[in-house]
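Comments concern the structure below.
The values are calculated or read from the model by the stated rules, or taken from the named source; none is laboratory data. Just so you know, these numbers come straight off a predicted model, no measurement behind them. Methodologically, a virtual Cβ is constructed for each residue, glycine included, from the backbone with ideal geometry; neighbour enumeration extends over all protein chains shown.
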Amino acid sequence: MTAAMPVRLALGPILFNWEEAQIKAFYAAIAEASCFDRIYLGEVVCGKRMPFSDHLWPDIAADLQSRGKEVVFSTLALPATPRDRRAIAGVAALEGLIEINDLSALAARAGAPFAVGPFVNIYNEDAARVLVARGATSICLPVELSLDRVARIAAACPDTAFEIFAFGRLPLALSGRCYHARVHGLHKDSCQFICARDPDGLDALTLDRQPFLAVNGIQTLSHGVQVYCPDRAEANANGIRWLRLSPHAIDMVAVGEIFQERLGGRASAADAIAALQAMALPGPLIDGYVHATAGAAPVRAQ
């Protein structure tokens, strides 16, 4: 009989353009919480935002590490300028585990261990094996994959810790253009960092005025909020070692505690979903991709 493996909670990097005070307050609360074991830090969406947050990360990381949490610095997912590429090289040169979200970081990492973020396209076993051979010890698979596909890839790399995007608006695409700037009649180069007005992203509507997607600067997100809240046995059965919760402007400690209760078998899936639905989420709960159907499908019993 195979021994049960631990399943832990990871807090993904903040995808949105939050103000400095909000970032500090957010991580101060996270530092006090016991539910998260791994914290990803850094700007992954837009290189233009980096000067406003880069100076915050050393002190935040030190505080989190002093509370026994593993800190992983994340790279940009779509480098667009020489400055962006230098920033990726700088993160890749850090000691300790880093997360790559663009393959340009591989050369700079020079064989040292790394984690792979959900922005890297790993859709089959061979792609995972290639990155494991280059030093990947942890892989957060793309959000479009079903549980069946996740399990197959994880089984092909049994010594690798696989992570699934378990909560938050799904990161679907990145563009060279800035949607937020365009909506407000601005150009990307003079965007005035208008995305800071929408701390959970800006809803995109269909012609019938129905919520469809969300935009976050150059990023397209789902309108709905992904939720996959398994107990430990189910996560083990699918080869999952980490559940990634993506930060939103709500009480993320409470979200983490809901997932922790579910992992520990102290709450049913229905109870966990009901508790999440009672929160001020930016969109309805969805889980279609997990079940190999349309990603925007409403959450079902898990």
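The C-beta contact set for the stretch 176-202 (first residue under 25 Å from I250 (Cα atoms), second residue polar (S, T, N, Q), distance under 7 angstrom, 6+ apart or interchain) comprises F193/N17; C195/N17; C195/N216; A196/N17; G201/N216. From the list R169, R86, R152, the one residue that fits, being among the basic types (K, R), in contact (Cβ under 8 Å) with a residue 24 or more places away in the chain and surrounded by fewer than 22 Cβ atoms within 10 Å (Cβ to Cβ), is R152. If only residues of the stretch 177-235 that are of a type in the set (F, W, Y) and in contact with a strand residue (DSSP E or B) (Cβ under 7 Å, 6 or more places away or on another chain) are counted, the one that is nearest to P282 (Cα to Cα) is F212.
Of the helices (runs of 4 or more DSSP H) lying entirely inside the stretch 98-167, those containing at least 3 residues that are touching a Gly at 6+ places or on another chain (Cβ under 9 Å) are 105-109, 147-156. Applying a threshold of 7 Å to beta carbon distances and a minimum spacing of six or more residues, or different chains, the list of pairs starting in the stretch 266-280 at a residue that is under 13 Å from Y228 (Cα atoms) and ending at one that is exposed (fewer than 13 other Cβ atoms within 10 Å of the Cβ) reads A269/A301; A270/A301. Scanning the stretch 198-231 for residues that are under 24 Å from A278 (Cβ atoms), of a type in the set (S, T, N, Q) and not in a strand (DSSP E or B) yields one hit, Q210. From the list R67, R38, the lone residue that is charged (D, E, K, R), modelled with pLDDT of 95 or more, touching a helix residue (DSSP H, G or I) at 6+ places or on another chain (Cβ under 7 Å) and closer than 23 Å to L263 by Cα is R67.
A residue that is touching a Gly at 6+ places or on another chain (Cβ under 6 Å) and in a loop (DSSP other than H, G, I, E, B) cannot be found anywhere in the stretch 66-74.
Restricting the stretch 70-83 to residues that are among the polar types (S, T, N, Q) and at pLDDT 95 or above leaves a set whose member that is surrounded by the fewest Cβ atoms within 10 Å (Cβ to Cβ) is S74. Name the residues in the stretch 247-302 that are surrounded by 19 or more Cβ atoms within 10 Å (Cβ to Cβ), in a helix (DSSP H, G or I) and among the aliphatic types (A, V, I, L, M), would you? Across the stretch 247-302, the qualifying residues are M252, V255, I258, L263, A272, I273, L276, V290.
A136 falls short of the stated requirement of being surrounded by 18 or more Cβ atoms within 10 Å (Cβ to Cβ), in contact with a Ser or Thr (Cβ under 6 Å, 6 or more places away or on another chain) and more than 23 Å from G295 (Cβ to Cβ).
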